[in-house]
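Participant: Take a look at this one; I'll ask things after.
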Amino acid sequence: MNDFIHWSTVSVDPWVWWLTALGATAYFLAVFVPVMPTPRAKLSWAARPLIPVVGIPLIGLELGSSTAELLIAYTCFTLSLPLGLGWGRRHLAQLVLDQETRGSRPDDMLPMGMIARALIVIPCVAGVGMWILIAGYLDSIR
């Protein structure tokens with residue numbers, strides 16, 4: 001018996017997971033897109049929530065995940081960047097502008113505090129999403 005998560009005991013309507021995923025996407029877009037300095041950067045950051053839309057179902061198909069598990073994992077992956085980098089988004093926007101106008105330079109770097117926060121928060125939040133997919137898979141094979 002899997003002691004992590006028993007999805008059969010979670011009685012939440014599927015529309016709740018859809019609303020949660022939409023809310024996470026809206027939060028991501030609200031955090032990053034308005035502060036991006038150029039139309040190219042705005043488009044690039046607006047398209048980033050599409051990455052887990054492609055990747056998570058591929059993993060989920062392999063693991064036999066339910067729609068709820070996929071939506072929760074999408075929410076975790078989508079929230080990982082705003083939670084990890086959102087506090088320094090203005091600095092990130094300035095870095096994006098500098099790189100677009102001058103080109104990429106190796107000495108351009110985010111502040112160490114922001115890097116440290118990102119290195120802790122992003123893997124932890126995204127890891128919760130991956131854990132949910134794996135726990136669902138473990139429940140299905142037992």
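Participant: Run the numbers for Met112 and Arg40: contour at 0.36 nm per residue of separation, minus the present Cα-Cα distance, in nm.
Facilitator: Value of the extension gain: 23.3 nm.
Participant: Considering the options Gly64, Ile134, Thr75, tell which one lies farthest towards the positive end of the dipole of the chain, charges being +1 on Lys and Arg and -1 on Asp and Glu at the Cβ, about the Cα centre.
Facilitator: The Cα lying farthest towards the positive end belongs to Thr75.
Participant: Take peptides 127-133, 74-80, 15-21 and line them up by average Cβ neighbours within 10 Å, highest first, as a rough protection proxy.
Facilitator: Most protected by this proxy first, the peptides run 74-80, 127-133, 15-21.
Participant: Do any GluC sites (Glu not before Pro) in region 56-142 lie in a loop, going by DSSP, with at most 14 other beta-carbon atoms within 10 Å of their beta carbon, and if so which?
Facilitator: Listed in order of number, the matching sites amount to none.
Participant: Here is a follow-up. By how many nm would the segment from Arg90 to Asp13 lengthen if fully extended, with 0.36 nm per residue of separation less the alpha-carbon distance?
Facilitator: 24.0 nm
Participant: Enter the accessible area of Ser140 (Å², nearest 10), with the probe set to 1.4 Å and all protein chains included.
Facilitator: 70
Participant: Probe of 1.4 angstrom, ligands and nucleic acids ignored: what's the accessible area per residue over region 69-142, in square angstrom?
Facilitator: Per-residue value: 54 Å².
Participant: On to the next question. Over all alpha-carbon pairs of region 29-142, lay out the pair-distance distribution in 10 Å bins, whole %, shortest bin first.
Facilitator: It works out to 14, 36, 30, 15, 5, 0, in whole percents.
Participant: Can you compute the charge dipole magnitude of region 57-142 about its Cα centre, using +1 on each Lys and Arg Cβ and -1 on each Asp and Glu Cβ, nothing else charged? Give it in debye, rounded to the nearest 20.
Facilitator: Using Cβ point charges on Lys, Arg, Asp and Glu, region 57-142 gives about 220 debye.
Participant: Which percent of the accessible heavy-atom area of the chain goes to carbon and sulfur, probe 1.4 angstrom?
Facilitator: 70
Participant: Scanning the chain for helices, which whole DSSP H stretches are 18 Å or more long along the axis (Cα) and average 1.0 or more by Kyte-Doolittle?
Facilitator: Helices passing the filter in the chain: 14-32, 50-63, 67-85, 112-141.
The values are calculated or read from the model by the stated rules, or taken from the named source; none is laboratory data. Quick caveat: nothing in here was measured; it's all calculated off a predicted structure. Note that we place each Cβ from the backbone using ideal geometry, even for glycine, and neighbour counts take in every protein chain shown. Ligands, DNA and RNA are excluded from the accessible area calculation, which covers all protein heavy atoms including side chains. Shrake-Rupley method; radii C 1.70, N 1.55, O 1.52, S 1.80 Å.
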